[in-house]
Each structure stands twice: as C-alpha cells, then as structure tokens.
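Read the structure below first, then the notes.
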Amino acid sequence: MLSFRGGIHPPEKKELAKESKLIYIDPPEIVYVFLSNHAGAPAKCLVKENDSVKTGQVIGEPGGFISAYLHSPVTGVVKKIDKIYHPIQGRPMETVVIERTSQDEWQYLEHPDWENLSKEQLLEVVKKAGIVGLGGAMFPTHVKLNPPANKKIDTFIVNAAECEPYLTVDYRLMLERYHDLILGIKIVMKILQVQKAYIGIESNKTDVFNQLKSALDSEEIELKLLKTKYPQGAEKQLIYAITGRKVPVGGLPMDVGVVVQNVQTVIAIKEAVVDRKPLIQRAITISGEGVNKPVNLIARIGTKIEELLQYAGGLKEETERVILGGPMTGISVNRVDIPIMKGTSGITALLKEKEYTQKACIRCTKCVIACPMDLQPYLLYLLANKRKYDEAVEEGLLSCIECGSCAYVCPSKIDHVRAIKLAKKVYQALRGGKK
C-alpha cells in the first residue's frame, strides 16, 4: 500500500461523525466576514455601512497578488465595518458585519458554459469566485492553478486522505457528491492542461474508494489507495506516496510537475464554473468528545462558532478545549463568539486530558523516526530555545510542516511545534519578512 517514511498513527476518532450526513443549515441572522479570509493580503472592502447586498455579491476585492475576492454569504444590509478577533492573526481584524433581511437573492457569476471557456477564462472564473484552499491553508486557488510558464505541470492530485483525526467532511462529500468531485477534477485538468489526475484516498475509506471506482468513466483519473497514517495528507508526503517524486527542500509541488487540491476545493471549483456560485459556504465537521452530537454541516462563511455548536447539541460542561480544525494542526481558541472562515474545516471540542509535566529531552530519537520530513525535531527545538536561528535553518527549520508528529510521540511531552513556529516567525522578522 502506498505511503511515505515516518508518520504516526493517532486514534482516528472518525466514528464520531462519519455517519452524519451533510446538513444544510439555515443562514444566521448576522454574519461576520473577515477581510482576511485567505492567505496573503486582506481583501479591499467594497461596501460601507447601510449598503444592501445580495447573496454572492462581491464585498471585497483582492488586495494583492496573493489575495482573494470576498462575497456576501447572505442577502441583507451591512450593519458596520468592525474589528473582530481573528484566530489566525491573533488580533482584531477588519470584518464586514451583515444582517440578513430576507431569503437568498443570488448574484451569480456571469460567464458562458464552461466547455467553451479557455484555460485563462476558467482561471478568471475561479478567481472571481473567491476560491481558496478549503483544507485549511486558504491559499488563493487561482494562483495555485496558474504556475509560472517555466514550471511544466503534468499531474494533478486530489488530496482525499483526510488524515486529521475527527474530521469527516471530505469523506461525506465524496460519498454524497462524488459526481461533482469528478466533474471538478475534469475542469481542473482543463485549466492545468494535464492528461493525468490521481485521487489519493486512505485505506480507512474503502467504501468511498469503491464508489468512486464504479463512477469514474475516464482512465485519465486514477484512484490510489494510501496507507492510513498521519500526515498522509501533507502535500509532499502525498506526492511522494502517489508518484515517487520528492519535492526539493524549500521547493513546491510545481517544482516536480504536480498541483494538489483538497476535495472540497475541487467541488467549489465545480460550483463556480458550472453552477456559477461564488464561495459563500463550506462543509464543516463539528466533533470531539466535548460535544453532545457530532455532525457534518454546510454553513455560511462568517457564522459564529457558538451558533454552529448548537447544531451539535452544544458543548459539554467538562469540555476543556475548542479547536478550529483538527487536534494535530488546528488552532485552539478560548472563545466561541468568533466566526468561521473559508478554511475552517472543523470545530473539534475535547475533554480535559491527563496532565503531563514536560521533562528534559532524553535523546530517544522517537521524534526523528516519526518526522515525515526527515528532520531532527529535538535539535530544532534545542536551537530554537537557544535562539540560534541561522543554525536551525541550516538543520531544516523552514522545511518543518508543523504536523505535530514529533510532539505526539515524545515521552518527555515536549512541544516541539510551538518552539519551531516561534523560531520561524522570529527568523522571518529578523530577515525583514523575506522567506
């Protein structure tokens, strides 16, 4: 079975929500849309207080090359342009607050049938739709699908691994909307002008694998069964497992002729190109032992976490931690009155864990064995704490994908990732933000 070196096997916890079919919930009365709803520069606000907006109407335009369009998730009135705490930025960020006044009155994207569109026209549709990486990275999709001319792309990979514990939205989407996924793949292949696409699925999703296998009508799209292991869904590990190609240190998938997109991102591309709908909502898993009824929902961007939790029966009293995303790479939040973003793949609520005291590193090398990037996490941790950032970079600091495998296996309960993240930020700051 296809795989990669290193990695770990944390409890999957998929059983909590995997049988919950996707539920399209009603739009909230008020949505809170961050202008920074994607990687890169925040969008430039195009609306002001008391403006009336329709569902799908553009409310923000790209603020730079790496940026994205924003659209109103509801039909209503702009109440104000506020500043609300942003969980990724760690500070209040500009937010468009919209009060819903009626049922959806759509403002659709305008373009001819997709079969008649060129590569450039399709890219423009994806851009105008505001699509970003929905697996969590939120990188603008139109940029990713348009690599430089000197980067020859010959392979497209759909990341269907969903290796993060608890999360099951991609699983449900593949079961319930596999026809949309397949059509989305064909659209992306036309944009990239490639003849080969792979769907990488972990072995814990054989029902999806078999369903897709029976539905595929083209040899150009091939299924690949992957060993269930974390982080199988990380781009570099996924590419190696499927193609045997190794992305160079400091490089990107396009350096080995590959583009990777998440399942939900591909479906969003289909919705934009075929249904003419911009990105205003997403599928999200609400799970964990800290909620009463784990569910999979389709929710509007800008819905508050506290409202979504109600669809999962609310939080249990003993819940200790709420995470945006999954437990391995997600972001812990200490408040639930903030909105979800385009990249919020899940809300995971966990009970209080057994407390551990961090101890000194015993050089057991378990972190080295687990590291999927062939790094020495214990050494990076040591160099980071000693503020030897240049040495840490020489040892591969910037190659760390922050998957958390090292911290998971560490018998001394050392949080390598926190130290590595901080070291990266300090190093970039010392270099004036240059990567």
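The values are calculated or read from the model by the stated rules, or taken from the named source; none is laboratory data. Just so it is clear, the model here is predicted, and its values are computed rather than measured. For neighbour counting, all protein chains shown are included, and Cβ atoms are generated from backbone atoms with ideal geometry for every residue, glycine included.
Applying the set (1) over 18 Å from the mean Cα position of the chain (by Cα); (2) part of a loop (DSSP other than H, G, I, E, B) to residue 398 leaves exactly one unmet item: (2).
In the set (1) outside any helix (DSSP H, G or I); (2) closer than 23 Å to residue 171 by Cβ; (3) small (Gly, Ala, Ser), the condition left unmet by residue 214 is number (1). What number of residues within segment 24-42 satisfy the criterion of being within 15 Å of residue 82 (Cβ to Cβ) and either surrounded by fewer than 24 Cβ atoms within 10 Å (Cβ to Cβ) or touching an Asp or Glu at 6+ places or on another chain (Cβ under 8 Å) (or both)? Selection size over segment 24-42: 6. Restricting segment 181-203 to residues that are in contact with a Leu (Cβ under 8 Å, 6 or more places away or on another chain) and assigned to a helix (DSSP H, G or I), the residue that is surrounded by the most Cβ atoms within 10 Å (Cβ to Cβ) is 191.
All of 360, 268 fail the test of being in contact with a Ser or Thr (Cβ under 7 Å, 6 or more places away or on another chain) and either touching a residue at least 12 places away in the same chain (Cβ under 8 Å) or among the acidic types (Asp, Glu) (or both), apart from 360. Which residue is nearest to residue 93 (Cα to Cα), if the candidates are limited to segment 285-304 and must be in contact (Cβ under 8 Å) with a residue 40 or more places away in the chain and either among the acidic types (Asp, Glu) or surrounded by fewer than 21 Cβ atoms within 10 Å (Cβ to Cβ) (or both)? Among those that are in contact (Cβ under 8 Å) with a residue 40 or more places away in the chain and either among the acidic types (Asp, Glu) or surrounded by fewer than 21 Cβ atoms within 10 Å (Cβ to Cβ) (or both), it is 304. In this structure, does residue 238 turn out to be buried (at least 21 other Cβ atoms within 10 Å of the Cβ), assigned to a loop (DSSP other than H, G, I, E, B) and not small (Gly, Ala, Ser)? Against the criterion (buried (at least 21 other Cβ atoms within 10 Å of the Cβ), assigned to a loop (DSSP other than H, G, I, E, B) and not small (Gly, Ala, Ser)), residue 238 does not qualify.
Exactly one residue out of 166, 198 is of a type outside the set (Asp, Glu), at positive phi and touching an Asp or Glu at 6+ places or on another chain (Cβ under 9 Å): that is 166.
Quick one: is residue 366 under 24 Å from residue 9 (Cα atoms), modelled with pLDDT under 95 and basic (Lys, Arg)?
Numbers: under 24 Å from residue 9 (Cα atoms): yes; modelled with pLDDT under 95: no; basic (Lys, Arg): yes.
Considered against the rule, which asks whether it is under 24 Å from residue 9 (Cα atoms), modelled with pLDDT under 95 and basic (Lys, Arg), residue 366 comes out as no.
Just to check your reading of the model, which residue among 282, 276 is touching a Leu at 6+ places or on another chain (Cβ under 8 Å), of a type outside the set (A, V, I, L, M) and either closer than 30 Å to residue 355 by Cβ or surrounded by fewer than 19 Cβ atoms within 10 Å (Cβ to Cβ) (or both)?
Working: 282 fails: either closer than 30 Å to residue 355 by Cβ or surrounded by fewer than 19 Cβ atoms within 10 Å (Cβ to Cβ) (or both).
Testing whether each residue is touching a Leu at 6+ places or on another chain (Cβ under 8 Å), of a type outside the set (A, V, I, L, M) and either closer than 30 Å to residue 355 by Cβ or surrounded by fewer than 19 Cβ atoms within 10 Å (Cβ to Cβ) (or both) leaves just 276.
If you go through segment 333-384 and keep only what is closer than 30 Å to residue 292 by Cβ and crowded, with 21+ Cβ neighbours inside 10 Å, you end up with 339, 340, 341, 342, 343, 344, 345, 346, 347, 348, 349. Being basic (Lys, Arg) and assigned to a strand (DSSP E or B) is the filter; apply it to segment 275-314 and report the residue that is nearest to residue 19 (Cα to Cα). Per the stated criteria, the residue is 282. If you check 243, 206 for being in the same structural domain as residue 146 (by TED's automatic domain parsing), of a type in the set (S, T, N, Q) and surrounded by fewer than 18 Cβ atoms within 10 Å (Cβ to Cβ), only one passes: 206.
Being buried (at least 24 other Cβ atoms within 10 Å of the Cβ), among the small types (Gly, Ala, Ser) and over 20 Å from residue 100 (Cβ atoms), is that true of even one residue in segment 258-271? Yes, some residue in segment 258-271 is buried (at least 24 other Cβ atoms within 10 Å of the Cβ), among the small types (Gly, Ala, Ser) and over 20 Å from residue 100 (Cβ atoms). For the residues 195, 237, the requirement of being without any contact (Cβ under 8 Å) to a residue 60 or more places away in the chain and out of contact with any strand residue (DSSP E or B) (no Cβ under 8 Å at 6 or more places or on another chain) singles out 195.
Note on segment 50-103: among residues that are in contact (Cβ under 8 Å) with a residue 40 or more places away in the chain and among the basic types (Lys, Arg), the one that is farthest from residue 40 (Cα to Cα) is 100. Those strands (runs of 3 or more DSSP E) of segment 53-146 in which 2 or more residues are of a type in the set (Asp, Glu) and farther than 27 Å from residue 260 by Cα occupy 91-100.
Would you call residue 146 at pLDDT 95 or above, farther than 21 Å from residue 343 by Cβ and not aliphatic (A, V, I, L, M)?
Numbers: at pLDDT 95 or above: yes; farther than 21 Å from residue 343 by Cβ: no; not aliphatic (A, V, I, L, M): yes.
Criteria not met by residue 146.
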